[in-house]
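Novice: This is the structure I have questions about; it appears just below.
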Amino acid sequence: MFDWLSDMDIPTSFEEFDIVEIRFKGGRKDFFRNINRLDLTTGDAVVVDVPNGHHIGFVSLKGELVRLQMLKKKVDNNEEIRSIYRIATERDMEKFNEARDQEGTTMYRSREIIQMLGLKMKLSDVEYQADKSKATFYYSADDRVDFRDLIKKLAEEFKIRVEMRQISLRHEAGRLGGIGSCGRELCCSTWLTDFKSVSTTAARYQNLSLNPSKLSGQCGRLKCCLNYELETYMEALKDIPTVNRPLQTQQGDAILQKTDIFKRMMWFGYKGDNNWYPVPVERVQEILELNSKGVAVEALLVEPVEEPKQNEFVAQVEGNLERLDEKFKSKKKKKKKKKKKGADAATTQPEQAQQQEKAVEAPQPKKEKQERVQQPQDGELQEQKSRKQRPTRNRNKNKEGQEGNESRENREPRERRERREPRPKAEVQASGSTPEGTVQSQNGNNEQRPKKRSRKPFRGKKQDQSNKPPRNDA
């Protein structure tokens, strides 16, 4: 239990409920009256009154929730409820711990005695009282056991009062504790106190395989958690029809194989066919009604005739492309119209604008450079004009005036042309051409030009032209 009223303030005139719930070893709980009005909190160790002595327990619940817990467990608030003596002291806790240390040795020794007597019983736990005056032995057995001789020998061995208490296998698992198949601590050892009967019908309603190794817990009985979701399954099964006979179809008899309760799907299969076919619950009800009238259905599922639909994505893409085509067509038409109307203006205006931009961008020469530059003389001006009027020289022409459009095979190699002797001046003057390196100005004067350096045919090391024999020095 969780005390969810512990943080709430109690009115001053309100008296707290005087009964407290106390927890003992193995999860056993009982109710005791707080006669002395002790200030108790959850988890305090207290000394309580028990038959023929006293015992130590721990406070598990107090206040108004105890009243509700007593109503649930049907415990009457009368004089039979025992009282709480005091809060446990250090001396009381030392004696209590000594008694708990003896429980292990006592249990092993008592098991040896049970084997000597040959009794068909299983001793699971031993609990000593805090004053060491009494010990309770918890055991489980399938049949009734005569343990009168066992009690005598245990009393002689340990010199205490012996109480034998038979418990079920579920209570035994709750006292011992453990981890379940879900990975959590066992419900019977943590919070579950009332054990309800569990049957295999709960597993059948939930469509679980009836495998005893999977459905049984550590106690060897069916798991208590099979009852947790049973009501939910029962409500979901109200609308699902019960199929006791196979469904009659033209393809054959369809046998029920599996039912998915929450998805509301039922799986059927034909004889000789390993495939299962899912059928909705509504369709199964229709088939059952037709079969009751003696009508065999063509198939389990009716395939709806769907009209061919164009893919939405393809339709969107095609629509977007058509819109783009329309936009580009409209732009081209507008441009053509503009050109026809103002063709003359369009030709003159951009040329003027380009000339203005070039004039602005062209850098103006610096004044200092203009001053330094000397004005050319009259002879130089005439030479510059003659050079400008002179036609461009065709480099592919030979010295004889032939153009260099001949094939490379017919042309002479470069070395031979360079080694060839120059023509005499008389021939040059007769032919009317000037020698190399001279330029004829407009006045008829021949002026010399700087000659171009001819490329050397061989740029490597000079060959040894002397007839000296080669040196044989080392």
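Since every read-out is calculated from the coordinates, none of them should be taken as a lab result. Quick caveat: nothing in here was measured; it's all calculated off a predicted structure. Note: ideal-geometry Cβ built from the backbone for every residue, glycine included; neighbour counts use all protein chains shown.
Novice: For the range 172-309, what relative contact order do you get, as a whole percent, if you take Cα pairs closer than 8 Å and at least 6 residues apart? Please list the in-between numbers first.
Specialist: Working: 150 pairs, mean separation 19.8, N = 138.
Relative contact order here is 14 percent.
Novice: Can you give the FRET efficiency for M265 and T242, using 1/(1 + (r/R0)^6), R0 = 25 Å, r = Cβ-Cβ distance, to the nearest 0.05?
Specialist: Numbers: r = 16 Å, r/R0 = 0.63.
FRET efficiency, M265 to T242: 0.95.
Novice: So how far apart, in nm, are the two label points at S83 and E229 if each is 7 Å from Cα heading toward Cβ?
Specialist: Label at S83, label at E229, 5.2 nm between them.
Novice: Another one. Taking Cα pairs under 8 Å and at least six residues apart, what relative contact order does the range 107-165 come out at, in percent? Don't skip to the answer; put the middle values down first.
Specialist: On the way: 70 pairs, mean separation 19.8, N = 59.
Normalised by residue count, the contact order of the range 107-165 is 34 percent.
Novice: Then there is this: Please give, to one decimal in nm, the separation of the simple spin-label points placed at Q102 and H54, each 7 Å out from Cα toward the Cβ.
Specialist: According to this spin-label approximation, the distance is 1.8 nm.
Novice: May I have the convex hull volume per residue, in Å³, for the Cα set of the range 14-87? Mind dumping the intermediate values first?
Specialist: Values: hull volume 7.2 nm³, N = 74.
So the per-residue hull volume is 98 Å³.
Novice: Starting from the exponent 0.38 and prefactor 2.2 Å, build the expected Rg for the range 71-114 from its residue count and divide its actual Cα Rg by it.
Specialist: Details: Rg = 17.5 Å, N = 44, 2.2 N^0.38 = 9.3 Å.
Taking N as the residue count of the range 71-114, the ratio is 1.89.
Novice: Regarding the range 149-189, what is the average projected area of its C-alpha convex hull, in nm²?
Specialist: Details: hull surface 15.8 nm².
Averaging across all directions leaves 4.0 nm² for the Cα convex hull.
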